[in-house]
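Participant: My questions all concern the structure below.
The values are calculated or read from the model by the stated rules, or taken from the named source; none is laboratory data. As the structure is a computational prediction, the values presented were derived from the model and not from experiment. Counting neighbours? That spans all protein chains shown, and the Cβs are built from the backbone with ideal geometry, glycine included. Heavy atoms of the whole protein, side chains included, go into the accessibility calculation; ligands, DNA and RNA do not. Shrake-Rupley method; radii C 1.70, N 1.55, O 1.52, S 1.80 Å.
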Amino acid sequence: MTVSPLEFSAKSRRWGAWYVTEHKIRQMRGFAGTLIATAIGTPILYLFAFGIGLATLISGNVGPVAGVTYLEFVAPALLASAAVLVAVEEYTFGILLGLKWNATYVGMNASPITARQIVDGTMLFVVLRMFVSTTIYYLIMVAFGAVDSAWGLLTIPAGMLGGFAFAPVAAYAATIEEDRGQFAILQRVVILPLTLFSGTVFPLTQLPVFLQWIGWVSPLWHASELGRQFVYGPTEPIWLTVIHVVYLAVLGVIGWQLCARNVARRLNK
Amino acid sequence: MPAPVITATDLTKKYKDFAAVDGISFEVAPGESFGLLGPNGAGKSTTMRMVGAVSTRTSGDLRILGLDPDEHGPAIRSQLGVVPQQDNLDTELRVRDNLLVYGRYFGLPHSQVAKRADELLEFAQLSDRAKAKVDDLSGGMKRRLTIARALINDPRILLLDEPTTGLDPQARHILWDRLFRLKERGTTLVLTTHYMDEAEQLCDRLVVVDKGRIMAEGRPAALIREHSSREVLEVRFGSDRNEGAAATLAGVGDRLEVLPDRILVYAQSGEEALVEVTKRGLEPITSLVRRSSLEDVFLRLTGRTLVE
């Protein structure tokens with residue numbers, strides 16, 4: 001007896017995005033060792049270099065609140081940048097890998113999986129990867145003594161939200177036909193300056209006023225400030241905290257939707 | 001006659017002003033092995049993408065398993081197996097894992113996918129390579145793995161876009177053998193090719209396509225009978241002398257075709273035509289008598305050869 005196509009595809013319609021995530025998790029197993037070593041090694045190095053090393057040169061107050069150590073100030077921002085790093089890697093190379101270099105998206109789309117499910121599944125995978133990285137980061141922050149309240153746990157979702165806010169990068173990556181080093185330019189001209197001028201290792205207010213706008217548009221600044229509220233805050237009015245969350249979520253959702261549209265255009269032209 | 005599994009009527013695909021597929025119509029019956037024969041750029045792959053329900057048509061009508069791909073893409077794709085022109089295996093996964101992740105896309109449970117993956121590795125003669133990296137496979141093995149992957153959902157129609165392009169002769173024969181077994185089991189095959197021998201071996205029926213249009217349709221043998229003579233005599237006189245020799249050959253056989261490197265003489269009997277050639281005082285450097293093929297049909301219909 002033959003099953004009707006509509007019946008046959010019902011499960012894929014509901015679970016398709018998850019199957020894509022499953023595929024990506026399986027892909028990751030091949031280099032799980034490297035990923036875990038990086039996820040553990042990076043926070044140790046950074047927290048040691050900035051929170052302990054650089055901190056010895058810093059005297060006096062760094063934040064608007066007395067008694068906040070430099071380690072406490074810098075740690076939530078470093079956690080957020082780790083999430084951004086993971087997200088941007090997947091939003092650039094991950095997307096173009098699937099569309100072009102190792103065209104797995106084309107293969108997926110030949111099955112009942114739709115372009116939207118491919119993007120949804122990829123986004124979910126990025127969330128999971130960020131979750132693993134930021135959780136490890138958080139545990140190491142605790143070990144370094146950079147957190148002293150249970151509220152600090154919320155730096156994990158704050159950092160992940162910061163990474164998600166870079167989803168427009170994925171939408172852009174989905175439009176790239178020829179690789180002419182666009183990602184390297186993106187890293188150096190956009191991501192790196194954002195990291196340096198987003199109040200990551202020093203407060204945004206230390207910058208000349210005419211440069212502070214960089215922080216205001218930078219998802220990393222919003223994510224770092226959000227994380228700081230949970231580690232030693234609140235240091236800002238509640239409306240500003242709400243703006244951080246809304247700004248990051250809106251950017252992320254816009255990028256995600258545009259990415260789904262661009263991938264569909266490319267796969268189904 | 002059972003209802004066709006594919007019905008295309010005036011199917012057209014335009015990219016801006018360029019019509020990649022320009023109003024083609026055909027039907028494929030269940031269990032049939034149907035081919036699209038034509039040179040590169042004839043619109044074969046574009047047609048396959050529309051039949052595969054991943055590319056939307058510009059106009060005309062298309063029904064796959066009775067459904068409109070514009071509305072029921074995922075449902076149609078759930079019952080297709082697709083072997084694309086370019087292998088898109090996941091090179092980051094091992095051989096068997098490629099089948100496992102792909103089976104999941106059809107909503108099959110893990111246990112069932114695992115069982116099916118082992119059967120298909122057996123069928124594709126890749127059981128001993130189950131744990132190998134995809135990149136370590138030869139071109140023929142990758143192709144067989146792609147076919148195994150396309151069969152993971154036990155599809156009702158298998159679409160193969162240029163299945164043996166780029167493979168060496170031995171690898172091609174192994175692949176043909178596998179496809180022939182599928183055909184014997186009753187799987188509907190739709191394949192594109194620019195190799196006339198492949199079309200003759202595998203297709204019950206085919207359409208000859210050129211520049212997005214269908215030039216002829218029928219069974220390979222019938223097409224040859226209809227559009228070509230029984231035999232062909234191929235004679236070579238050297239690059240600069242073919243044209244001159246052709247003038248002297250006028251009237252030999254049913255028809256002449258002058259190509260840059262040789263002259264084809266279409267005749268009932270190639271041997272008799274060769275006798276006539278020597279009678280006219282010409283001495284070809286090489287001569288060859290063969291049966292007419294689909295290549296000759298294509299040449300007759302379009303004035304061009306299939307592989308250029």
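Participant: Could you look at segment A:5-267 and say what percent of its accessible area is carbon and sulfur, using a 1.4 Å probe and all protein chains?
Facilitator: C and S fraction of accessible area: 72 percent.
Participant: While we're here: Using alpha carbons only, how many angstrom separate the centre of segment A:202-269 from the centre of segment A:21-38?
Facilitator: 27
Participant: Considering every residue in B:91-98, what mean count of other chain Cβ atoms within 10 Å of its Cβ is obtained?
Facilitator: Mean shielding count: 4.
Participant: Any idea how far the Cα center of segment B:279-293 sits from the one of segment A:71-118, in Å?
Facilitator: 62
Participant: What does the charge dipole of segment B:1-130 about its Cα centre add up to, to the nearest 20 debye, if the Cβ of each Lys and Arg holds +1 and the Cβ of each Asp and Glu holds -1?
Facilitator: Rounded to the nearest 20 debye, it is 180 debye.
Participant: Continuing with the same structure: Can you send over the solvent-accessible area of B:LEU256, 1.4 Å probe, protein chains only, in Å² to the nearest 10?
Facilitator: In the full protein context, B:LEU256 sits at about 50 Å².
Participant: Would you mind telling me the share, in percent, of accessible area of segment B:1-78 contributed by carbon and sulfur at probe 1.4 angstrom?
Facilitator: It is 50 percent, rounded to a whole number.
Participant: Note down the accessible area of A:VAL132, probe 1.4 Å, to the nearest 10 Å².
Facilitator: For A:VAL132, solvent-accessible area is about 80 Å².
Participant: Suppose we keep just the alpha-carbon trace of segment A:5-267; what are its Rg and Dmax in angstrom?
Facilitator: Computed over the Cα atoms of segment A:5-267, radius of gyration and Dmax are 19.4, 69 Å.
Participant: I want to verify a result. In a Gaussian network model of chain B, Cα cutoff 10 Å, which of these has the top mean-square fluctuation: B:ALA250, B:ALA216, B:ALA19?
Facilitator: Comparing B:ALA250, B:ALA216, B:ALA19 in a Gaussian network model of chain B, the most mobile one is B:ALA250.
Participant: Please compute the Cα-Cα pair-distance distribution of segment A:32-183 with 5 Å bins starting at 0, giving whole percents from short to long.
Facilitator: 2, 9, 17, 17, 16, 13, 10, 7, 5, 3, 1, 0, 0
Participant: Ok, one more. Of A:LYS11/B:LYS142; A:LYS269/B:LYS44; A:LYS269/B:LYS16, which pairs sit farther than 18 Å apart, going by alpha carbon to alpha carbon?
Facilitator: Too far apart for the 18 Å limit: A:LYS11/B:LYS142.
Participant: Kindly report, to the nearest 10 Å², the accessible surface of B:LYS211 as traced by a 1.4 Å probe over protein heavy atoms only.
Facilitator: Solvent-accessible area, nearest 10 Å²: 140 Å².
Participant: Mind checking which of A:GLY145, A:GLY163, A:GLY121 has the largest fluctuation in a GNM of chain A, springs on alpha carbons under 10 Å?
Facilitator: The residue that fluctuates most here is A:GLY145.
Participant: Given +1 on the Cβ of Lys and Arg, -1 on the Cβ of Asp and Glu, and no further charges, what dipole in debye does segment A:5-267 carry about its Cα centre, rounded to the nearest 20?
Facilitator: 760
Participant: For chain A, modelled as a Gaussian network with Cα springs under 10 Å, which listed residue fluctuates most, A:GLU90, A:GLU22, A:GLU225?
Facilitator: In this elastic network of chain A, the residue with the biggest mean-square fluctuation among A:GLU90, A:GLU22, A:GLU225 is A:GLU22.
Participant: Run the quick spin-label model on A:VAL245 and A:GLN182: label points 7 Å from Cα toward the beta carbon, then report their separation in nm to one decimal.
Facilitator: So the label points at A:VAL245 and A:GLN182 sit 3.4 nm apart.
Participant: In Å², and per residue, what accessible area does segment A:5-267 have when probed at 1.4 Å with the other protein chains present?
Facilitator: Result: 44 Å² of accessible area for each residue.
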